[in-house]
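J.: One structure, pasted below without further comment.
Please treat every number below as a calculation from the coordinates, not as lab data. Just so we're clear, the structure is a prediction, and the values are computed from it rather than from any experiment. With ideal geometry, Cβ positions are generated from the backbone for all residues, glycine too; neighbour counts draw on all protein chains shown.
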Amino acid sequence: MPKKNDRTKQDYSKYAAMTSEELARLLRLDSEAPEGNELDIDTLLYITGVLAEREKTSNNTGKTAQEAWMSFQQNYMPEEEELAVPAKDTKPVRSHPWVRRGIAAAAAIVLVVLVPLTAKALNWEKIWDAVAMWAKETFSFVWEGQTDVDSPDTKELRPFDSLQGKMDEMGDDPSVVPTWIPEGFVLKRIDIDETPMQRSYIALYKNGERSINICIRSFEGTDPERIEINEELLEIYNCEDTEFYIFSNNKRLCAVWIQDSYECYISGGITIEEIKGMINSIQKG
Amino acid sequence: MDAEYRKQIEALYFELYDKAMVYARSALDSEVLAEEAVQETFRIACQKPQSVCGSPNPQGWIIQTLKYTIRNIRTNQASTKRMLERYMLTQVDNISISDNQINISILYENIADLEEFQLLKEFAFEKQSHQEMAAKRGITVSACRKRLQRAKETLHRKLKNSV
């Protein structure tokens with residue numbers, strides 16, 4: 001399957017020779033493929049064009065474009081007041097710069113360990129460009145009640161608020177979250193980053209100058225990439241049949257793992273015993 | 001929306017509708033959901049006209065947004081289904097069995113709740129589109145979307161209270 005950034009001139013004749021069922025299957029696989037492993041847009045447009053033409057020829061079509069456009073205007077065209085606001089219902093709020101840098105750094109780690117097989121059509125600079133763009137363009141839906149964590153009058157979170165509770169509220173599975181946090185750390189904020197592709201939860205815990213980030217990202221409908229080892233890997237810690245990859249990154253320890261349909265990581269200025277303690281608490285629920 | 005943007009988006013619509021439907025139909029295996037995905041995609045385009053019309057590849061913008069919309073549909077259906085299943089499991093003790101018929105309505109205290117349950121069931125289990133559900137109820141797609149969101153919030157509260 002030609003990869004996203006394959007710059008060689010495409011030969012589409014092979015697609016024209018395929019049956020409609022084969023082409024439809026290609027499209028379905030493309031819709032389920034992880035980012036970086038999809039067909040390029042030109043190929044998609046070619047294949048869909050071939051199929052659309054065949055459907056017209058066989059009179060096997062639903063609504064015409066004209067009928068659909070009329071339905072669109074009647075049922076889907078945004079009203080004037082909706083056109084004045086961004087597409088998302090929730091007002092996007094920029095997260096704290098510290099968290100944005102944390103997200104970009106964490107995304108870099110996750111991409112380093114999770115993307116490589118899909119990125120072989122990209123050169124290294126483009127991967128980091130993609131990370132930077134992802135971090136910049138991600139809207140952070142700040143959980144209500146949150147205030148700037150560095151301001152002296154930071155509100156304490158309500159006692160029953162937790163990352164598990166927030167995930168549960170949003171319909172995600174909270175059992176992937178550590179239930180033990182090293183002593184002295186307090187949950188300060190939870191950011192929810194949502195794109196049409198996925199939802200990420202980023203929780204920040206603080207203990208004076210020390211901090212821990214926990215990030216949980218859902219990838220419903222796609223398969224995760226396998227984790228690749230690099231020279232910063234300290235240990236692959238196996239806990240109840242799940243492999244946790246523990247890395248060092250700029251004086252912080254990170255643990256990265258995949259559980260069910262979630263990609264997860266912990267990052268903090270903590271000891272390896274503390275990070276393992278958090279990992280051990282996940283399986284116990 | 002600026003008239004020029006509207007004209008450009010309309011042109012894109014007619015250029016890409018058939019192709020977008022082919023893609024969505026292959027991905028979602030449902031004519032009604034495919035149409036929903038395509039219509040939602042162009043709804044987003046109308047809300048971001050500068051982005052799509054200013055893109056060096058507007059066709060690519062539409063197709064990429066369509067992909068995101070399809071994934072969103074799948075994610076929302078799956079998560080709503082999970083929530084409903086979890087809630088139904090918590091209500092096992094409350095289900096009465098009379099003449100071998102499980103009285104499912106006992107799960108919900110009043111008609112409003114039952115209507116919300118019906119909406120969630122149609123969305124998550126029967127995989128109906130917003131347009132289908134709206135037409136059945138004689139309401140707009142936008143109103144249906146809002147009712148579904150409220151139903152999800154109600155379900156979440158019920159789940160929380162049942163723990």
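J.: When you look at the Cβ of every residue in B:133-146, what mean number of other chain Cβ atoms sits within 10 Å? List each step's numbers first, then the result.
T.: Working: counts 0, 1, 1, 0, 0, 0, 0, 4, 4, 5, 0, 1, 1, 1.
Shielding by partners across B:133-146 averages 1.
J.: Work through the residues other than residue A:16 whose Cβ is under 11 Å from its Cβ and net out their charges, Lys, Arg +1 and Asp, Glu -1. Spell out each step's value before the answer.
T.: On the way: positive: A:14, A:54; negative: A:11, A:53.
Combined, the nearby Lys, Arg, Asp and Glu give 0.
J.: While we're on this one: List the pairs from B:81/B:158; B:48/B:136; B:48/B:81 whose alpha-carbon separation is above 19 Å, in the order I gave them.
T.: From the list (B:81/B:158; B:48/B:136; B:48/B:81), the Cα-Cα distance tops 19 Å for B:48/B:136; B:48/B:81.
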